[in-house]
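Engineer: Encoded as C-alpha cells, here's the structure I'll be asking about.
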Amino acid sequence: PRYRPDWASLDARPLPAWFDRAKVGVFVHWGVFSVPAWGSEWFWWHWQGQHDAAYERFVRRRFPPGTAYTDFAPRFTAHDFQPRQWAQLFQRAGARYVVLTTKHHEGFTNWGSPVCWNWNSVDTGPHRDLVGELGEALRESNLRYGLYHSLMEWFNPLYLADKQSDFKTQSFVLKKTMPELYDLVLKYKPDLIWSDGDWEAPDSYWNSTSFLAWLYNDSPVKDTVVVNDRWGRGCSCRHGGFYNCADKYRPGSLPDHKWEMCSSLDKLSWGYRSNMNLTEVMDEMSVIEELVQTVSLGGNYLLNVGPTKEGVIVPIFQERLLALGRWLDTNGEAIYESQPWRVPMENTTDTVWYTSKGPVVFAIFLLWPRDSVLHLSSPIPSPGTRVTLLGFAGTLKWQKRPGQGMLITLPYMLPSPLPPQSGWAVKLEGVK
C-alpha cells in the first residue's frame with residue numbers, strides 16, 4: 001500500500017522485522033563537542049545559550065580570549081579514527097546495529113552536507129566523510145547502520161527566525177533540515193533514522209509526515225528502514241516507528257508497542273568527557289541488568305559511547321563493550337530474536353527476568369542464589385521438562401516446588417571473595 005502523509009496511515013506501517021530481532025545496538029555521539037570534551041555534548045548551549053558560569057570559566061581557562069565555538073572545528077581531527085576497528089569492536093560487543101550522530105544540535109555535519117558549507121567534516125576538521133567511512137566498515141561486518149539526525153540547530157539564524165515567528169515560517173526546514181535528511185537517505189541508504197531535536201515545534205513545522213511518506217513509499221530503503229518517534233512536539237511515545245519515549249526510558253510493565261532504551265556508558269554525558277571518572281562509568285553488571293530488563297519487556301537496548309576528538313574509543317569503554325559481548329556469546333540465545341514471555345519477571349524478586357522463543361522459555365537470573373538452588377514460581381513444569389544452563393554442558397536437576405513453580409539445582413560454583421559475573425540464563429523446555 002502507499003502511505004499517506006498523515007499519522008493514521010504512517011503509524012499503520014508494520015515495523016521491518018530485523019529491528020525487533022536485533023535487540024542490541026551501539027550509539028555513537030561524536031562531533032565538535034568532542035573538542036572541549038567537558039560537561040556534555042550540550043557544551044555550546046550551556047556556554048553561550050545559557051551563559052553557565054562554569055562553562056564560561058572553563059573556556060577562559062583553556063582557550064585564548066575571543067574563542068568562538070566554531071574555532072573548535074579545526075581541532076576535531078579524527079586523526080586516529082579507524083572505522084574498521086570500530087566495526088570489529090561493535091561486532092565483538094554483540095551489537096547488531098550501530099547508530100552514529102550525523103549532526104547534533106550544534107549543526108555540524110559528519111558528512112559533506114551540500115547545505116552546510118564549511119561547517120562539516122569534509123570542509124573542515126577531519127576533512128573526511130565520517131558517515132560514509134563508518135557505514136562502509138559496518139556493512140563489511142554485516143551490521144545494520146542507523147543515522148542519528150537532529151532536526152533543529154540551536155544557533156542557526158534560519159531556525160531562530162522561524163522560532164521568532166512562532167514557527168509560522170519554515171525557511172530552516174526547507175533550506176536545511178529536509179535537504180539534509182533526503183541527502184542522508186539517498187547517499188547512505190540507512191537501515192534506521194534516529195530523529196531528535198524535535199521538541200520545540202510541531203510535526204507540521206518539520207514536514208515530518210511528508211518526509212516519512214516519501215521514505216516509506218519511494219526511497220531506496222522503503223522496505224527495510226526503521227524510524228523512531230521524535231518527529232515533532234507531542235509525537236514522542238505516540239507516533240513514528242519504534243518508541244524511545246525519553247532518554248534512558250524504563251517502562252514499568254510490558255508496552256504494547258515496540259520500543260528502544262538508549263543508555264550511555266558515561267552516566268553523565270553522551271559525548272566524550274576528558275575528566276570522566278571511573279565511578280561515573282556504568283559497570284558490567286549494570287549494563288547486563290539494563291539489557292536483560294529491556295529485552296524482557298520487549299525493547300531493544302542501544303548503548304552509547306562517546307569517542308575522543310581524534311576518534312579513539314577509550315579503553316574503559318572498549319572493556320565494557322567487550323564484557324557485554326562475552327556475556328552475549330554465552331547467553332545470546334536468550335536475547336537475540338526472543339519475545340517477551342507471559343510474565344516478564346518473577347513477581348517475588350526483580351532479579352529473575354524471562355524471555356521466550358516459541359515453546360522455549362529462558363529465565364535470566366542476575367544474582368547467583370546462595371544455596372545454588374534457583375526458585376522459580378512462574379513456569380509450570382511437566383514430566384518431560386528439560387532444564388539446561390546456557391554455557392554449561394549437561395542438563396540440570398529440578399523438582400516441583402510446593403505450591404507452584406520449580407526448584408532448579410544449579411552447578412556448583414567455586415567459592416570466591418568476589419561475587420561472580422552478573423547474569424546467567426536457564427533454558428526451560430516443556431514448561432507452560
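The values are calculated or read from the model by the stated rules, or taken from the named source; none is laboratory data. No experiment lies behind these values; they were computed from the predicted model shown. No Cβ is skipped: glycine too gets one built from the backbone with ideal geometry, and neighbour counts run over all protein chains shown. For accessibility, only protein heavy atoms count, side chains too; no ligands or nucleic acids. Shrake-Rupley method; radii C 1.70, N 1.55, O 1.52, S 1.80 Å.
Engineer: Quick test of your reading of the structure: Gly39 fulfils all but one of (1) in a helix (DSSP H, G or I); (2) within 21 Å of the chain's Cα centre (by Cα). Name the failing condition by number.
Structural biologist: (1)
Engineer: Continuing with the same structure: Of the numbered conditions (1) farther than 28 Å from Arg75 by Cα; (2) not in a helix (DSSP H, G or I), Tyr182 fails exactly one; give the number of that condition.
Structural biologist: (2)
Engineer: Starting from residues that are touching a helix residue (DSSP H, G or I) at 6+ places or on another chain (Cβ under 7 Å) and not basic (Lys, Arg), keep the ones in segment 242-277 and report whichever is most open to solvent (accessible area, probe 1.4 Å).
Structural biologist: Per the criteria, the residue is Leu268.
Engineer: Sticking with this one: So which pairs qualify, if the first residue must be in segment 301-325 and closer than 15 Å to Tyr272 by Cα, the second must be open to solvent by less than 10 Å² (accessible area, probe 1.4 Å) and hydroxyl-bearing (Ser, Thr, Tyr), the Cβ gap must be under 7 Å, and the two must be at least 6 apart or on different chains?
Structural biologist: Hits for this filter: Leu303/Ser263; Asn304/Ser263; Asn304/Ser264; Gly306/Ser34; Gly306/Ser269; Pro307/Ser34; Thr308/Ser34; Lys309/Ser34.
Engineer: On the given criteria, is Leu160 out of contact with any Phe, Trp or Tyr (no Cβ under 8 Å at 6 or more places or on another chain), open to solvent by 60 Å² or more (accessible area, probe 1.4 Å) and within 23 Å of Asp71 (Cβ to Cβ)?
Structural biologist: yes
Engineer: Continuing with the same structure: Looking at segment 346-402, which of its residues are among the aromatic types (Phe, Trp, Tyr) and either closer than 16 Å to Gly332 by Cα or in a strand (DSSP E or B) (or both)?
Structural biologist: Those that are among the aromatic types (Phe, Trp, Tyr) and either closer than 16 Å to Gly332 by Cα or in a strand (DSSP E or B) (or both): Trp353, Tyr354, Phe362, Phe365, Phe392, Trp398.
Engineer: Within segment 133-164, track down each residue that is part of a helix (DSSP H, G or I) and under 30 Å from Glu200 (Cα atoms).
Structural biologist: Pro157, Leu158, Tyr159, Leu160, Ala161, Asp162, Lys163, Gln164
Engineer: So if I check each of Ser9, Ser40, which one is surrounded by fewer than 21 Cβ atoms within 10 Å (Cβ to Cβ), closer than 30 Å to Ser296 by Cα and in contact with a Ser or Thr (Cβ under 9 Å, 6 or more places away or on another chain)? Give the steps one after another, and end with the answer.
Structural biologist: Details: Ser40 fails: closer than 30 Å to Ser296 by Cα.
After ruling out the rest, the residue left standing is Ser9.
Engineer: Something else now. How many of the residues making up segment 294-321 are closer than 18 Å to Tyr97 by Cβ, of a type in the set (A, V, I, L, M) and part of a helix (DSSP H, G or I)?
Structural biologist: Final tally of qualifying residues: 2.
Engineer: Conditions: (1) over 15 Å from Val287 (Cβ atoms); (2) in contact with a Gly (Cβ under 8 Å, 6 or more places away or on another chain); (3) among the acidic types (Asp, Glu). Glu333 meets all but one. Number of the miss?
Structural biologist: All conditions are met except number (2).
Engineer: Let me ask you something else. Find the residue count for segment 57-89, including only residues that are more than 26 Å from Leu134 (Cβ to Cβ) and not in a helix (DSSP H, G or I).
Structural biologist: 6
Engineer: Of these, Trp327, Trp353, which one is farther than 17 Å from Gly299 by Cβ, of a type in the set (Phe, Trp, Tyr) and touching a Leu at 6+ places or on another chain (Cβ under 9 Å)?
Structural biologist: Trp327
Engineer: Right, another one. Taking segment 94-143 as the region of interest, how many residues are under 30 Å from Trp327 (Cβ atoms), among the polar types (S, T, N, Q) and surrounded by fewer than 24 Cβ atoms within 10 Å (Cβ to Cβ)?
Structural biologist: 2
Engineer: Looking at (1) in a helix (DSSP H, G or I); (2) crowded, with 21+ Cβ neighbours inside 10 Å; (3) of a type in the set (Gly, Ala, Ser), find the lone condition where Ala54 falls short.
Structural biologist: (2)
Engineer: Moving on to the next point. Assess whether Arg342 counts as being assigned to a loop (DSSP other than H, G, I, E, B), more than 30 Å from Ala78 (Cβ to Cβ) and open to solvent by 10 Å² or more (accessible area, probe 1.4 Å). Talk me through it step by step, then tell me what you get.
Structural biologist: Working: assigned to a loop (DSSP other than H, G, I, E, B): yes; more than 30 Å from Ala78 (Cβ to Cβ): yes; open to solvent by 10 Å² or more (accessible area, probe 1.4 Å): yes.
The answer is yes for Arg342.
Engineer: Let me ask another. Answer yes or no: is there a residue in segment 216-236 that is in contact (Cβ under 8 Å) with a residue 60 or more places away in the chain, assigned to a helix (DSSP H, G or I), surrounded by fewer than 15 Cβ atoms within 10 Å (Cβ to Cβ) and in the same structural domain as Ala161 (by the TED database).
Structural biologist: Scanning segment 216-236, I find at least one residue that is in contact (Cβ under 8 Å) with a residue 60 or more places away in the chain, assigned to a helix (DSSP H, G or I), surrounded by fewer than 15 Cβ atoms within 10 Å (Cβ to Cβ) and in the same structural domain as Ala161 (by the TED database), so the answer is yes.
Engineer: Something else about it: List, please: which pairs have Cβ atoms under 8 Å, are six or more places apart or on different chains, and start with a residue in segment 32-50 that is among the hydroxyl-bearing types (Ser, Thr, Tyr) and end with one that is open to solvent by 20 Å² or more (accessible area, probe 1.4 Å)?
Structural biologist: Within 8 Å, the pairs are Ser34/Tyr272; Ser34/Lys309; Ser40/His46; Ser40/Leu268; Ser40/Trp270.
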